[in-house]
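J.: What follows is a structure written as structure tokens; I'll ask about it next.
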Amino acid sequence: MQKHEILKKITEVGVVAVVRAETSEQAIEISKACIKGGITAVEVTFTVPNAAQVIEGLAKAFKPSELIVGAGTVLDSETARIAILAGAQYIVSPGFNLDTAKLCNRYQIPYMPGCLTITEMITAMEAGCDVIKLFPGSAFGPSYVKAVKGPLPQINIMPTGGVSLDNVKDWVSAGVIAVGVGSELTGPAKKHDYQAVTKNAQAFVQAFKEAKK
């Protein structure tokens with residue numbers, strides 16, 4: 001799948017499920033629950049045990065039309081390459097790393113680095129990053145996106161951290177292209193309640209759609 005197609009699919013659903021789990025089995029169950037709820041973009045973080053195997057398993061189990069699987073908490077280019085070889089279709093980091101940007105550009109894989117300041121964002125954009133992950137989004141909230149898009153109207157921002165059902169509309173109104181959601185979405189998985197995760201997924205997808213109208 002081409003880079004622009006991956007980005008298009010992510011922005012169409014508008015919600016990226018950030019999957020953190022104590023075991024690889026739990027990560028797979030969370031991912032399946034999110035997919036069942038209509039979230040077709042899942043980010044498996046490298047804090048998950050055997051994350052590369054989880055990514056590989058999901059990439060084999062689901063068609064690209066059903067799931068765009070990405071790797072999160074990728075701190076360096078070595079980890080990014082492992083993730084890409086396992087089948088990751090996009091790479092997400094908590095911060096910006098130039099070597100990772102170069103590697104992803106080489107393989108035409110979208111790289112979404114975590115940035116907070118204008119300087120970090122410009123640096124990432126100059127390195128070819130199409131989407132900037134505002135992280136932690138909870139630090140400043142939706143109003144910060146509006147402020148950033150004043151001098152940088154062309155920037156594509158995806159906040160992660162601080163996104164809830166109550167404020168999805170505020171983030172979208174501020175101009176984000178998608179939102180990354182972790183514990184607000186996957187929290188019930190701690191009690192192995194995957195049906196609740198699916199319900200949360202449905203609610204987030206619906207909230208994003210309504211906010212985009």
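The values are calculated or read from the model by the stated rules, or taken from the named source; none is laboratory data. Predicted, not measured: the structure shown is a model, and the values here were computed from it. Cβ atoms come from the backbone with ideal geometry, glycine included; neighbour counts cover every protein chain shown. Surface areas here come from the heavy atoms of the whole protein model, side chains and all, with no ligands, DNA or RNA. Shrake-Rupley method; radii C 1.70, N 1.55, O 1.52, S 1.80 Å.
J.: Hey, what's the stretch 1-89 come to in accessible area per residue, 1.4 Å probe, Å²?
T.: Details: 3930 Å² over 89 residues.
With the other protein chains kept in place, the stretch 1-89 gives 44 Å² per residue.
J.: Treating only the Cβ atoms of Lys and Arg (+1) and Asp and Glu (-1) as charged, compute the dipole magnitude of the stretch 1-125 about its Cα centre; round to the nearest 20 debye. Please list the in-between numbers first.
T.: Values: 11 positive and 12 negative charges, 73 e Å.
It works out to roughly 360 debye.
J.: Moving on to the next point. Give me the distance between the Cα centres of the stretch 81-151 and the stretch 1-66, rounded to whole Å.
T.: If we compute the Cα centre of each part, the gap is 18 Å.
J.: Using Cα springs under 10 Å in a Gaussian network model of the chain, which residue among Thr198, Thr23, Thr45 shows the largest mean-square fluctuation?
T.: Thr23
J.: Run through the stretch 105-158 and list the chymotrypsin sites (Phe, Trp or Tyr not before Pro) located in a DSSP loop whose Cβ has at most 16 other Cβ atoms within 10 Å.
T.: On the way: sites: Tyr107, Tyr111, Phe140, Tyr144; in loops: Tyr107, Phe140.
Hits after loop and neighbour filter: Tyr107, Phe140.
J.: Distance cut-off 22 Å, Cα to Cα: go down the list Lys60/Lys169; Lys146/Lys212; Lys60/Lys212; Lys36/Lys146; Lys191/Lys212; Lys9/Lys213 and report the pairs above it.
T.: With Cα atoms farther than 22 Å apart: Lys60/Lys169; Lys60/Lys212; Lys36/Lys146; Lys191/Lys212.
J.: Divide the volume of the convex hull of the Cα atoms of the chain by its number of residues and quote the answer in cubic angstrom per residue. Present the calculation step by step, with values, prior to reporting the outcome.
T.: Values: hull volume 21.8 nm³, N = 213.
Hull volume normalised by residue count: 102 Å³.
J.: Lys and Arg at +1, Asp and Glu at -1: add these up for the other residues within a Cβ distance under 13 Å of Ala207 and post the number.
T.: Details: positive: Lys169, Lys199, Lys209, Lys212, Lys213; negative: Asp166, Asp170, Glu184, Glu210.
With Lys, Arg at +1 and Asp, Glu at -1, the neighbours total +1.
J.: For a Förster distance of 30 Å, can you work out the FRET efficiency between the beta-carbons of Thr11 and Leu85, rounded to the nearest 0.05?
T.: Values: r = 26 Å, r/R0 = 0.85.
Working from the Cβ atoms, E equals 0.75.
J.: Lys213 to Ser138: extension gain in nm, 0.36 nm per residue of separation minus the Cα-Cα distance? Write out the running numbers ahead of the final one.
T.: Working: separation 75, 0.36 × 75 = 27.00 nm, distance 2.44 nm.
That works out to 24.6 nm of additional length.
J.: Between Asp193 and Thr123, take the C-beta separation as r, use R0 = 35 Å, and let me know the FRET efficiency to the nearest 0.05.
T.: Numbers: r = 41 Å, r/R0 = 1.18.
Efficiency computed from Cβ-Cβ geometry: 0.25.
J.: Whenever you get a sec, line up Ile82, Ile39 from highest to lowest accessible area (probe 1.4 Å, protein heavy atoms). Present the calculation step by step, with values, prior to reporting the outcome.
T.: Working: Ile82 95, Ile39 0 Å².
Result, largest first: Ile82, Ile39.
J.: Let me ask you something else. On the first, second and third principal axes, largest extent first, how far apart are the outermost C-alpha atoms of the stretch 30-123 in Å?
T.: The Cα atoms of the stretch 30-123 stretch 39, 24, 24 Å along their principal axes.
J.: First obtain the Kirkwood hydrodynamic radius of the stretch 107-179 from its Cα pairs, then insert it into the Stokes-Einstein equation at 20 °C and 1.002 mPa s, and state the resulting D in µm² per second as a whole number. Intermediate values should be presented prior to the final figure.
T.: On the way: Rh = 12.1 Å.
Translational D for this selection: 177 µm²/s.
J.: Let me ask something else about it. Placing +1 at every Lys and Arg Cβ and -1 at every Asp and Glu Cβ, with all other atoms neutral, what dipole size does the chain have around its Cα centre, in debye to the nearest 20? Don't skip to the end; give the middle numbers.
T.: Numbers: 21 positive and 19 negative charges, 104 e Å.
It comes to approximately 500 debye.
J.: Continuing with this model, one more query. Report the full-extension gain for the segment Ala203 to Lys102: residue separation times 0.36 nm, less the Cα-Cα distance, to one decimal in nm. Could you put the intermediate results ahead of the total?
T.: On the way: separation 101, 0.36 × 101 = 36.36 nm, distance 3.63 nm.
Result for the pair: 32.7 nm of gain on full extension.
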